[in-house]
Amino acid sequence: MKPWLWAATLLVYAFLYVPLAIVALFSFNDSLLNAQWVGFTLDWYRKLFADEAMLTAAANSLFIALLSSSIATVLGAMAGIAMHRWRTRWLPLLVITPVAMPEILLGVSLLLFFRQVLDLTLGFFSILIAHITFSIGFVAIVVRARLAGMDESLFEAARDLGATPWQTFRHITLPLILPALTAGFLMSFTLSIDDFVITFFVAGVGVTTLPLQIYSMIKVAVSPEVNAVSTLLMALTATLIFFATRLAPELLKGQR
Amino acid sequence: MALLELRNITRRFGALEAVKDVSLAIEAGEFFTLLGPSGCGKTTILRMIAGFDAPDAGDILLDGASLSGVPPEKRPLHTVFQSYALFPHMTVAGNLAFPLEMAGVGRAEIARRVGEMLALVHLEDKADRYPHELSGGQKQRVALARGLINRPRLLLLDEPLGALDAKLRLEMQGDLIRLQREVGITFVFVTHAQQEALALSHRIAVMRAGRIEQCATPDVLYTQPANRFVADFIGRINLIEAEVIALTPEGARLRSATLGELLVAPPPACALGDRGAFALRPERVCIAAPGESVELDQRYAGRIRSALYVGETTLYQIALESGQIIEALEANTSPGRARRYEAGDPVIIGWAKEAGVFLHDES
């Protein structure tokens, strides 16, 4: 590769990763200020793990992310398969619109819907439903893309060789879309765990998620504790991606 | 009773009639081919037999029982797809085991039959490979083996050799015949390649625009085509406009604008005054040098227009004095020279009265 291409590549990656690295670095900085390196400390992590409110918010976030992405994966897969099978114009529109909708709009409309129409008490369930709502579209898109790249006669061959529609789904469709489901699940998980705008509208007063907690802390002052929790979040995401890519080659085997 | 019977099958897609009132009877043990250009409805018929599609009118019967409303998985027949449709997430052995697993066959029996089938298609060493690790010919053999392993009453093959190169194609044709004779399963084969159809089939149905033009054995199709379409679709043929001017016990006398009067024997099924085409296969035309004495019913003087040398044969185009172009095929059997004539050479061509047939136009 040409030297200038190397330089450009390096620049792009630096732009992407240096801010993240700084956050991680300063989470170990023995100073209240994010300006200057003083010395190594684990104080911020200690403080973080003693922070009751933060721990509750983190637990909430993880639980909601796990549950909402699981449900969204199932529903999104169904939507993706339906979009593939019945090539109507309106179905993709209905499924994908929430993805393209400005978050603030989705937040306000969900808030109005929960309060005015359903008369639901805002809290755990309203957050869960909101997260499922914006995740379904992502899963559906990946699943449909995966199916679109597949030889249609595979499914006919399965039926032809004696598999019922359910057996065809179980033995052929499901294994073939598994990489898409994994990707969709991970996307939903990360979307859910870091969602701020929509959650802000539908959370109410009882339940707080990690992004809401971080925001409320920053309102007071930027504490290195925020760096610490961000670093942990990064580590979690990186681990997820690591496993996803480790899983993918196995799942993708033979699908060229 | 026929193994498979199609009774007045019609299938419409919107305004298009893809299959029009087709009736067929296929006997047990037969290698039956549906032959026709793309879009003639042959694949639609195959899909209706397999159960992926249903006729708008008519009925399909297997062993005398209607298949109407029977889902594909309940039909005792399998399909070999043009794309092979091997399951990419399963090994070769896994692909072969699939129909047996679906049928609830026991583990030990599955292992035994997979081994047996792999041996039959010479892929014993490929059992643990994934489809993407196989060559085109190997994939083809796995697809065939998977279709046969559960001993279906009928194997449907949708242009299974379409994706292979010419040499491999020829090899697989031999394999197909061997397999079919060995397992004794009825094959229904769909193709647009006429040579393949002639080489493989016991009987062929030639289709055009949703209809069967002729259904016969390969040699009958070749030597006694039912009409111009069949004559032209199968092999090479000279078609010359002609009219019946006399009918005698020994033959029919035709008149053509370019060939004058000619005799066709034995008399074809036609009436006085019928218009149609005199059809003559290139290999039935004899070529002689001027002055050479030849015993032929029809003789014409002409000039070689082009000579196409293809190794074992040479295809000549001869321009007659009337302007009519006749194609003649000669086997290159004499040692030494590749071809006997060059473009521009004056020649005498001719044929026996039994060499051609008269195909009258449908009115």
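Results, tabulated for the structure shown:
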item: From the options A:Leu174, A:Leu147, residue that is within 14 Å of chain B (Cβ to nearest Cβ), touching a Lys or Arg at 6+ places or on another chain (Cβ under 9 Å) and at negative phi; result: A:Leu147
item: Pairs where the first residue, in segment B:309-321, is loosely packed, with under 15 Cβ neighbours inside 10 Å and the second is not in a strand (DSSP E or B), C-beta under 8 Å, 6+ apart; result: B:Tyr309/B:Asn332; B:Tyr309/B:Ala338; B:Tyr309/B:Arg339; B:Gly311/B:Asn332; B:Glu312/B:Asn332
item: Subset of segment A:187-199 [among the polar types (S, T, N, Q), under 13 Å from the mean Cα position of the chain (by Cα) and buried (at least 21 other Cβ atoms within 10 Å of the Cβ)]; result: A:Ser188, A:Ser192
item: Answer residue from segment A:7-63, given it is under 23 Å from A:Phe124 (Cα atoms) and among the small types (Gly, Ala, Ser) and is nearest to the chain's Cα centre (by Cα) among those; result: A:Ser61
item: Pairs where the first residue, in segment B:198-225, is in the same structural domain as B:Leu156 (by TED's automatic domain parsing) and closer than 19 Å to B:Ser38 by Cα and the second is crowded, with 17+ Cβ neighbours inside 10 Å and among the acidic types (Asp, Glu), C-beta under 7 Å, 6+ apart; result: B:Val206/B:Glu213; B:Met207/B:Glu213
item: Set B:Leu329, B:Leu308, B:Leu296: member being assigned by TED's automatic domain parsing to the domain that holds B:Ala257, outside any strand (DSSP E or B) and of a type in the set (A, V, I, L, M, F, W, C); result: B:Leu296
item: Filter result (part of a strand (DSSP E or B), open to solvent by 20 Å² or more (accessible area, probe 1.4 Å) and of a type outside the set (A, V, I, L, M, F, W, C)) within segment B:236-277; result: B:Glu241, B:Glu243, B:Thr248, B:Arg253, B:Arg255, B:Gly260, B:Glu261, B:Arg275
item: Conditions (1) under 30 Å from A:Ile177 (Cα atoms); (2) in a helix (DSSP H, G or I): number failed by A:Thr88; result: (2)
item: Segment B:42-78, residues that are facing chain A (nearest Cβ under 9 Å), aliphatic (A, V, I, L, M) and open to solvent by 20 Å² or more (accessible area, probe 1.4 Å); result: none
item: Meets criteria (assigned to a loop (DSSP other than H, G, I, E, B), more than 22 Å from B:Ala252 (Cβ to Cβ), open to solvent by 30 Å² or more (accessible area, probe 1.4 Å) and hydrophobic (A, V, I, L, M, F, W, C)) for B:Ala301; result: no
item: Test: residue in segment B:109-126 that is open to solvent by less than 40 Å² (accessible area, probe 1.4 Å) and within 11 Å of another protein chain (Cβ to nearest Cβ); result: no
item: Among the residues listed as A:Val207, A:Val226, A:Val202, the single one being closer than 11 Å to A:Leu48 by Cβ, open to solvent by less than 60 Å² (accessible area, probe 1.4 Å) and at pLDDT 80 or above; result: A:Val226
item: Among (1) in contact with a Leu (Cβ under 7 Å, 6 or more places away or on another chain); (2) within 14 Å of chain B (Cβ to nearest Cβ), the one test that A:Ala228 misses; result: (2)
item: Subset of segment B:79-94 (residues that are under 32 Å from the mean Cα position of the chain (by Cα) and either among the hydrophobic types (A, V, I, L, M, F, W, C) or more than 9 Å from chain A (Cβ to nearest Cβ) (or both)); result: B:Val80, B:Phe81, B:Ala85, B:Leu86, B:Phe87, B:Val92
item: Per-region count, segment B:31-70, residues in contact with a helix residue (DSSP H, G or I) (Cβ under 9 Å, 6 or more places away or on another chain) and either among the charged types (D, E, K, R) or free of Cβ contacts under 8 Å to residues at least 12 places away in the same chain (or both); result: 2
item: Residue among A:Ile241, A:Ile193, A:Ile218 that is at pLDDT 85 or above, more than 14 Å from every other protein chain (Cβ to nearest Cβ) and more than 30 Å from B:Val70 (Cα to Cα); result: A:Ile193
item: Selection from segment A:150-171 of residues that are at the interface with another protein chain (Cβ under 7 Å from one of its Cβ atoms), among the hydroxyl-bearing types (Ser, Thr, Tyr) and touching a Phe, Trp or Tyr at 6+ places or on another chain (Cβ under 7 Å); result: A:Ser153
item: Per-region count, segment A:48-85, residues in contact with a helix residue (DSSP H, G or I) (Cβ under 6 Å, 6 or more places away or on another chain) and exposed (fewer than 15 other Cβ atoms within 10 Å of the Cβ); result: 0
item: Selected residue (criterion: least open to solvent (accessible area, probe 1.4 Å)) from residues of segment B:159-189 that are closer than 22 Å to B:Ala216 by Cβ and within 14 Å of chain A (Cβ to nearest Cβ); result: B:Val188
item: Hits in segment B:230-253 - residues which are under 12 Å from B:Gln194 (Cβ atoms) and either touching a helix residue (DSSP H, G or I) at 6+ places or on another chain (Cβ under 7 Å) or not hydrophobic (A, V, I, L, M, F, W, C) (or both); result: B:Val230, B:Asp232, B:Phe233, B:Ile234, B:Gly235, B:Arg236, B:Ile237
item: Condition broken by B:Ser201, with the remaining ones in (1) polar (S, T, N, Q); (2) touching a Phe, Trp or Tyr at 6+ places or on another chain (Cβ under 6 Å); (3) open to solvent by 60 Å² or more (accessible area, probe 1.4 Å) satisfied; result: (3)
item: The listed residue being without any contact (Cβ under 8 Å) to a residue 40 or more places away in the chain, loosely packed, with under 13 Cβ neighbours inside 10 Å and of a type in the set (Gly, Ala, Ser), out of B:Gly291, B:Gly344; result: B:Gly291
item: Elements of type helices (runs of 4 or more DSSP H) in segment A:110-202, at least 3 residues being more than 26 Å from A:Ser61 (Cα to Cα); result: A:124-148, A:153-160, A:165-168, A:174-193
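The values are calculated or read from the model by the stated rules, or taken from the named source; none is laboratory data. Just so we're clear, the structure is a prediction, and the values are computed from it rather than from any experiment. Note: ideal-geometry Cβ built from the backbone for every residue, glycine included; neighbour counts use all protein chains shown. In case anyone asks, the SASA skips ligands and DNA or RNA and just uses the protein heavy atoms, side chains included. Shrake-Rupley method; radii C 1.70, N 1.55, O 1.52, S 1.80 Å.
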